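Take a look at the structure set out below.
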Amino acid sequence: MATLSEHVNAEFLRLWVFVLVLLLMSGWESWRPFRPRPRGGRRLTNLLLAVVDAGVLRLFFPMLAVGVAHWATQTGFGVLNIITMPVWCAVVLSLLLLDLLVYWQHRLFHRIPVFWRMHAMHHSDVQFDASTGLRFHPLEIVVSMLLKMGVVAVLGAPLLAVVLFEMLLNASALFNHANIKLPTRFEYYLRGLIVTPDMHRIHHSVNPAEHHRNFGFMLSVWDRLFNSYCREAKQNPQTMELGLKRFRQPEEQTLKALLIQPFRAQ
């Protein structure tokens with residue numbers, strides 16, 4: 001059974017993996033960028049947003065998804081704590097279901113106007129690099145965490161599965177937003193399993209017909225399975241226009257402007 005110390009250690013491990021992947025992607029972007037590297041302070045702004053998001057979560061939630069998994073294990077709550085199955089099977093099943101949750105949450109955030117107002121801030125970045133994977137409004141982060149905590153509780157997902165999922169999700173967000181160049185053949189086969197930057201960049205196209213496609217964050221299978229996959233953008237991926245038609249001016253990309261963006265006219 002999971003202990004509180006294991007819960008705390010899991011949080012530190014997740015933080016260290018996040019920092020290491022962020023540094024790796026930043027170095028990769030400097031070494032082999034796919035598009036010209038964006039200049040200005042937007043990367044710092046995106047990083048500050050991640051700090052704000054983390055602070056909001058700590059302020060409003062005494063325990064996050066990892067804490068819920070710890071509680072479910074201790075109390076025997078949730079489907080997977082009732083059904084007898086090997087631990088590895090429960091872990092794999094939890095990873096798949098949690099990733100499916102993220103896919104449908106993302107898709108619904110594009111469909112439901114009140115959620116789109118929150119999520120549009122992520123899409124208002126006119127550039128595309130690893131820091132874009134940090135750019136989420138605190139309101140969206142709170143809603144996402146509530147959904148994730150609820151699913152973890154109902155599932156009774158093992159602590160190991162939730163820790164792995166959090167690390168993989170954060171790493172995937174940094175990777176699939178990274179401004180990096182992958183060998184063409186390697187990228188073709190890789191996107192058969194996971195979401196690649198070339199696949200996710202289409203999702204950030206200024207063209208609504210494209211940014212309402214490719215919703216997956218980790219596994220690419222969901223977009224193919226649920227008919228939301230777009231193989232390539234109409235424009236040249238190295239020069240295609242990114243972001244939204246609204247909120248393109250530099251003054252709309254400051255931290256203050258981004259935080260109040262959902263409450264402004266869309």
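The values are calculated or read from the model by the stated rules, or taken from the named source; none is laboratory data. These figures come from a predicted structure and were not determined experimentally. In this analysis, Cβ positions are derived from the backbone assuming ideal geometry, glycine residues included, and neighbour counts consider all displayed protein chains.
Candidates are the residues of region 39-90 that are hydroxyl-bearing (Ser, Thr, Tyr) and touching a residue at least 24 places away in the same chain (Cβ under 8 Å); the one that is nearest to residue 126 (Cα to Cα) is 45. Does region 248-266 include one or more residues that are under 20 Å from residue 130 (Cα atoms), in a loop (DSSP other than H, G, I, E, B) and either of a type in the set (A, V, I, L, M) or free of Cβ contacts under 8 Å to residues at least 60 places away in the same chain (or both)? Checked region 248-266: no residue is under 20 Å from residue 130 (Cα atoms), in a loop (DSSP other than H, G, I, E, B) and either of a type in the set (A, V, I, L, M) or free of Cβ contacts under 8 Å to residues at least 60 places away in the same chain (or both).
Considering region 1-19, and only residues there that are over 15 Å from residue 131 (Cβ atoms) and surrounded by fewer than 12 Cβ atoms within 10 Å (Cβ to Cβ), the residue that is modelled with the highest pLDDT turns out to be 16.
On inspection, residue 146 qualifies as surrounded by fewer than 20 Cβ atoms within 10 Å (Cβ to Cβ), farther than 21 Å from residue 19 by Cβ, free of Cβ contacts under 8 Å to residues at least 12 places away in the same chain and hydrophobic (A, V, I, L, M, F, W, C). Just one of the listed residues (109, 128) is in contact with a strand residue (DSSP E or B) (Cβ under 7 Å, 6 or more places away or on another chain), at pLDDT 95 or above, surrounded by 20 or more Cβ atoms within 10 Å (Cβ to Cβ) and not charged (D, E, K, R), and it is 128. Might you check whether a residue that is surrounded by 21 or more Cβ atoms within 10 Å (Cβ to Cβ), modelled with pLDDT under 95 and under 16 Å from residue 50 (Cβ atoms) occurs anywhere in region 156-168? Taking every residue of region 156-168 in turn, at least one turns out to be surrounded by 21 or more Cβ atoms within 10 Å (Cβ to Cβ), modelled with pLDDT under 95 and under 16 Å from residue 50 (Cβ atoms).
Pairs linking a residue in region 169-194 that is buried (at least 17 other Cβ atoms within 10 Å of the Cβ) and in a helix (DSSP H, G or I) to a residue that is basic (Lys, Arg) and at pLDDT 95 or above, with Cβ atoms under 9 Å and 6 or more positions apart or on different chains, are 176/201.
Within region 195-238, the set of residues being surrounded by fewer than 17 Cβ atoms within 10 Å (Cβ to Cβ), without any contact (Cβ under 8 Å) to a residue 24 or more places away in the chain and in a loop (DSSP other than H, G, I, E, B) comprises 227, 231, 236.
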